[in-house]
Each structure stands twice: as structure tokens, then as C-alpha cells.
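> Below is one structure. I have some questions about it.
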Amino acid sequence: MGENGFPLPASARELTDDEWALVEVARRAIDENTDAEPDGDGVHTMGAAVMAADHRMYAGVNLYHFTGGPCAELVALSAARAQGARQIVCIVAVGNHGRGVVGPCGRDRQVFLDYHPTMRVLVPTPYGPRSVRAVDLMPLAQRWTSESGTGPFDPSVYDDPEASGPQTVRFHPRYLDAVRSGAKTRTTRWGEAVTTGPARFVFESDPEVVLSATVTDVRGCTVAELTDEDARAEDLTTADDLRAALGTHYPAIGPADAVDVVTFRVDPDR
């Protein structure tokens, strides 16, 4: 329930800094490319942006057509896929000329449920934009898959895998071999909550690969304080190599930003 009694899904929360940054990416995409005058019609009036599990962001704009041109959200999802993203964690649409965050249409909500049910969707509410899980935008819905079509109602789709069982730590698939072999025993994270204990390591391949692991230590430091030892534990050579690698995952990261150096071991039988 919201602040003034307006019902919100249990998953609703305020936006994180990364989610606000995603809103800005979507806003720029449409403000720089709209063909409509203020209060006027046009072909391109909505922008959208999606964030992948590695924090990279991808944008798109809608393509209106009377036959049913694609919404901006679907264009952004396709653009992300075309550029190698496999696990999408958040999406937002923004209207042109300062209209702000706009909620997805019914068709898009069904697409989200079918393809990205645990993805977060940024939506407008009476309390300002909020982040909710995609499944919570479609109560009592039935999912469709390319293999079996529309299935029966399955309440388990509303279970949040991130909220039960071992914590989930996501990796780019290029790290799979190094993690499996033991060449990589640390991962450096910015703005992600990782704690010691059991974990599910999810590699964003297609299909995704999941390894059982244990986080044995979490050490906080700044990017500038990372060491050559940290780099070697990540299958790199020097701290500068590690900082450069972090920049590919977190383009906005700086030397003074605080990161967590996560040490782990993987179940050798997995």
C-alpha cells in the first residue's frame, strides 16, 4: 500500500541511482530524436532504455504506424539484444517534451511477462516514479512461450528468485571459463550488495549458466586502492588492468568510488 492508501505492488520501491540514470538515457534518446512539436503528433514520440545485468544501457525510440509500429520499449529490448545483452534487469519509457516516465502499454506488459518476468519496470505513481517487477504489472496472467504457447496460470512465476534462497551474483559469460577453472576467484562490484555466504553465480549466456558458489570475503575499498593482487585474482595482471575492466562494466565509475572486492569459491562438482 502506498503512502496515501494508493495500492502499489509489494515489489515497488524508490529508484536507485542506476535507475535514475536509465531514465536520463531514455529522455535523451527521445529529446534528441523526436520529430513532433510540443503537443503535436509524430512518428517518434517515446524513448526507452534498458539496463543489462552488467549495467550497460541501451536505448531506442518508438516507430508509430497505423498498422501497429513497435513501442519504444520493444525497440530498446531488440537493440540491447543486437549488441550482445542477454539478461535485462530494468526498463523505462519516457515521453518527449518533458512528459517524464510513462508506463508500458498492455501489449508490452505481456511481452515483459513472457520474456523478462523478473525484470524491473519503472512506472509513474502518485508518489513519483517507482521500480516494480514486471510480473507485478500483470496479476493473474498466463505466460506464453515459443515452445508451448500460452500455458495455464502458474503462481510460481510471481516468486522472486532474488528474494529467496542463495543470493544471486551475475557475470558476463566471458568470465565463465575463468571462474570454473579457478583462474578467477574475485569479482569487484560497484553499487551491488554482495554478502558472505552461499550464492548462485548466473552467467548471462543464452541459455544462462548457473554455478553454485560461496562468497568467502567482501572487502571495501576505492577504485584507486585496488591492488595488483586483486587483479591477479581476477585473472588479470595489474591494478590498472582491473580498473580498465571495471570501466567497461561501469562507464561512470571513477577512482574515488567505493567498490566491494568479493572473494569466492565455486563448487568443484558444478
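The values are calculated or read from the model by the stated rules, or taken from the named source; none is laboratory data. Since the model is a prediction, treat every value here as computed from it, not as a measurement. Cβ placement follows ideal geometry from the backbone for every residue including glycine, while neighbour counts extend to all protein chains displayed.
> Can you find, within the stretch 187-221, the residue that is modelled with the lowest pLDDT among those that are in a strand (DSSP E or B) and touching a Pro at 6+ places or on another chain (Cβ under 7 Å)?
Ranking the qualifying residues of the stretch 187-221, first place goes to Phe203.
> Taking the stretch 225-257 as the region of interest, how many residues are surrounded by 12 or more Cβ atoms within 10 Å (Cβ to Cβ), of a type in the set (A, V, I, L, M) and touching a residue at least 24 places away in the same chain (Cβ under 8 Å)?
Final tally of qualifying residues: 6.
> From the list Arg81, Arg27, pick out the single residue that is within 19 Å of Thr125 (Cβ to Cβ) and charged (D, E, K, R).
Arg27
> Find the residue count for the stretch 132-168, including only residues that are at pLDDT 70 or above and hydroxyl-bearing (Ser, Thr, Tyr).
5
> Find the residue count for the stretch 30-55, including only residues that are under 18 Å from Gly84 (Cα atoms) and either of a type in the set (A, V, I, L, M) or in a strand (DSSP E or B) (or both).
So the count comes out to 6.
> From the set of residues in the stretch 32-57 that are farther than 24 Å from Val89 by Cα and acidic (Asp, Glu), which is surrounded by the most Cβ atoms within 10 Å (Cβ to Cβ)?
Checked the stretch 32-57; the qualifying residue surrounded by the most Cβ atoms within 10 Å (Cβ to Cβ) is Asp35.
> Let me ask you something else. Quick one: what pairs do we get from the stretch 102-129, first residue at positive phi, second in a helix (DSSP H, G or I) and crowded, with 18+ Cβ neighbours inside 10 Å, C-beta under 8 Å, 6+ apart or different chains?
Hits for this filter: zero, empty list.
> Additional query: Looking at the stretch 117-128, which of its residues are at pLDDT 90 or above and either polar (S, T, N, Q) or within 17 Å of the chain's Cα centre (by Cα) (or both)?
Met119, Arg120, Val121, Leu122, Val123, Thr125
> Right, here's the next one. For Arg107, indicate whether it is surrounded by fewer than 20 Cβ atoms within 10 Å (Cβ to Cβ), within 29 Å of Ala141 (Cα to Cα) and touching a Cys at 6+ places or on another chain (Cβ under 9 Å).
Yes.
> Let me ask you something else. Write out, first by first residue and then by second, each pair whose Cβ atoms fall under 7 Å of each other, whose residues are 6+ apart or on separate chains, and whose first residue, in the stretch 42-70, is at pLDDT below 90 while the second is not in a loop (DSSP other than H, G, I, E, B) and not basic (Lys, Arg).
Correct list of pairs: Ala53/Val89; Asp54/His249; His55/Asp18; His55/His249.
> Which of the residues that make up the stretch 55-82 are touching a helix residue (DSSP H, G or I) at 6+ places or on another chain (Cβ under 8 Å) and among the aromatic types (Phe, Trp, Tyr)?
Tyr58
> Hydrophobic (A, V, I, L, M, F, W, C), surrounded by 15 or more Cβ atoms within 10 Å (Cβ to Cβ) and part of a strand (DSSP E or B) - does that describe any residue in the stretch 168-185?
Among the residues of the stretch 168-185, at least one is hydrophobic (A, V, I, L, M, F, W, C), surrounded by 15 or more Cβ atoms within 10 Å (Cβ to Cβ) and part of a strand (DSSP E or B), which makes the answer yes.
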